[in-house]
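This report refers to the structure that appears directly beneath it.
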Amino acid sequence: MRLLICVLVPLLCSAQFAAAPHTVGQGEVLHVTGPREAQSARLLGRTIRLFPQTGGESLGLMPVEIEAKPGEMPLEYLDGQGRVVHTELVTIRRVPYREQNVTLGKAQVELKPAPGELETVRALRQTVSIQRFWIEPFGPPLPGCVISPYGVKRLHNGKPTGSYHTGLDQRGTEGEPIHAVAAGVVRVVRMFNIHGGTVGIDHGQGVTSIYLHQARFAVQEGATVKAGDIIGYVGSTGRSTAPHLHWNLQVNGVAVNPLQWVSIQPCASAEPANSKKKTSKR
Ligand SMILES: [Zn+2]
């Protein structure tokens with residue numbers, strides 16, 4: 001009945017539907033809240049699940065692709081039968097992500113993924129499990145500053161790769177402990193060829209994180225971790241030229257900007273926005 005009222009007289013129910021922030025940057029995430037009747041949400045052809053929360057509302061996280069067209073877009077809330085029960089306009093803001101060249105040696109260019117490496121990493125990114133472990137705010141995995149931010153368009157030895165930096169690189173010293181950014185279940189602990197020593201955590205309800213190039217591990221697959229637990233140690237394994245941590249935050253299948261979730265300062269020596277300076281970090 002309430003659903004019917006909401007459909008016929010949307011104003012009566014509009015307070016229960018909310019997407020935040022109302023203006024979202026490319027590569028960022030919308031928190032989509034609705035009444036229990038809303039079971040999924042759709043934006044730009046992507047449908048995400050909304051999960052019942054303890055407060056009685058439904059919540060889902062809508063990632064906005066880094067390539068998404070800026071402007072006003074309809075966000076649709078759907079019921080269990082896939083019917084649109086509410087529509088809200090959200091604004092996607094252009095973010096001026098810069099270009100960056102990465103200098104790689106021959107051996108690194110020629111590295112091939114280990115069997116199952118790319119499939120394992122992709123499967124983690126697409127994991128949407130029902131139980132929610134994550135609570136905001138998230139914490140940084142290392143105290144170190146940001147060497148290379150999310151979203152830069154990558155060139156390898158001057159050639160465009162057609163891809164962008166899916167996570168951020170933080171300064172770290174060999175052997176320095178790496179901490180889980182939020183609570184979750186460890187799904188991946190593997191030594192890969194390109195990603196190097198890799199730990200992947202499922203934080204639940206579509207949120208995952210992955211930490212690369214580790215020297216060694218402090219957890220096993222299947223372990224439950226709390227926010228801040230040590231999961232491994234900084235290294236330079238895989239396609240990496242110096243010890244550092246590359247980590248990704250992933251929401252409903254999309255690598256998103258971690259700096260929307262955690263506050264980490266850029267390194268004093270980091271490149272200013274829109275520069276094309278060379279760097280040796282991956
Ligand atoms: Zn990186």
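Cα centroid distance between segment 100-131 and segment 224-256, in Å? So the separation of the two Cα centres works out to 12 Å.
For a paramagnetic label modelled at 7 Å from the Cα of residue 54 toward its Cβ, which residues of segment 205-236 fall within the zone defined by backbone nitrogen distances under 20 Å? It comes to 205-207, 224-229, nothing else.
Between amide H atoms placed 1.01 Å from N, distances below 5 Å from residue 36 occur with 58, all of them 5 or more places distant or on a separate chain. Applying the Karplus relation 6.51 cos²θ - 1.76 cosθ + 1.60 with θ = phi - 60° to segment 34-49 yields 3J(HN,Hα) values of x, x, 3, 4, 6, 10, 8, 9, 10, 9, 6, x, 9, 10, 10, 7 Hz, where x marks Gly and Pro.
One Cα centroid belongs to segment 43-90, the other to segment 141-210; the line between them spans 27 Å. Using θ = phi - 60° in the Karplus curve 6.51 cos²θ - 1.76 cosθ + 1.60, the 3J(HN,Hα) couplings for segment 80-88 round to x, 9, x, 8, 6, 9, 6, 10, 9 Hz; x is entered for Gly and Pro. May I have the count of lysine pairs in the chain with C-alpha atoms under 19 Å apart, counting pairs 8 or more residues apart or located on different chains? Lysine pair count for the chain: 14. Once the C-beta distance of residue 81 and residue 193 is scaled by a Förster radius of 41 Å, the resulting FRET efficiency is 0.35 to the nearest 0.05. The charge dipole of the chain, taken about the Cα centre with unit charges on the Cβ atoms of Lys, Arg (+1) and Asp, Glu (-1), comes to about 760 debye, rounded to the nearest 20. Full extension of the chain between residue 36 and residue 129 yields a length gain of 31.6 nm, computed as 0.36 nm times the residue separation minus the alpha carbon distance. Scanning residues 5 or more positions from residue 114 or on other chains, those with amide H under 5 Å from its amide H are 193, 194, with H placed 1.01 Å from N in the peptide plane. Amide H contacts of residue 75: 88, 89, 90, each under 5 Å away and 5 or more positions distant or on a separate chain (H built 1.01 Å from N in the peptide plane; Pro and chain starts excluded). Distance between the pseudo-spin-label points of residue 159 and residue 119 (7 Å out from Cα toward the beta carbon): 2.7 nm. Comparing 43, 135, 66 along the charge dipole axis of segment 39-151, the residue lying farthest to the positive side is 66, per the Cβ-charge model.
Converting phi to 3J(HN,Hα) with the Karplus coefficients 6.51, -1.76 and 1.60 and the offset θ = phi - 60°, segment 92-106 yields 9, 9, 5, 10, x, 6, 9, 9, 8, 8, 10, 8, 10, x, 4 Hz in sequence order, with x at every glycine or proline.
The trypsin sites (Lys or Arg not before Pro) of segment 176-260 that DSSP puts in a loop, and whose beta carbon has at most 12 other beta carbons within 10 Å, are 226.
All of the numbers you see were taken from the coordinates with simple rules; none came from a lab. Everything numeric here is computed off the predicted structure, so don't read it as measured data. Neighbour counts run over all protein chains shown; Cβ positions are idealised from the backbone, glycine included.
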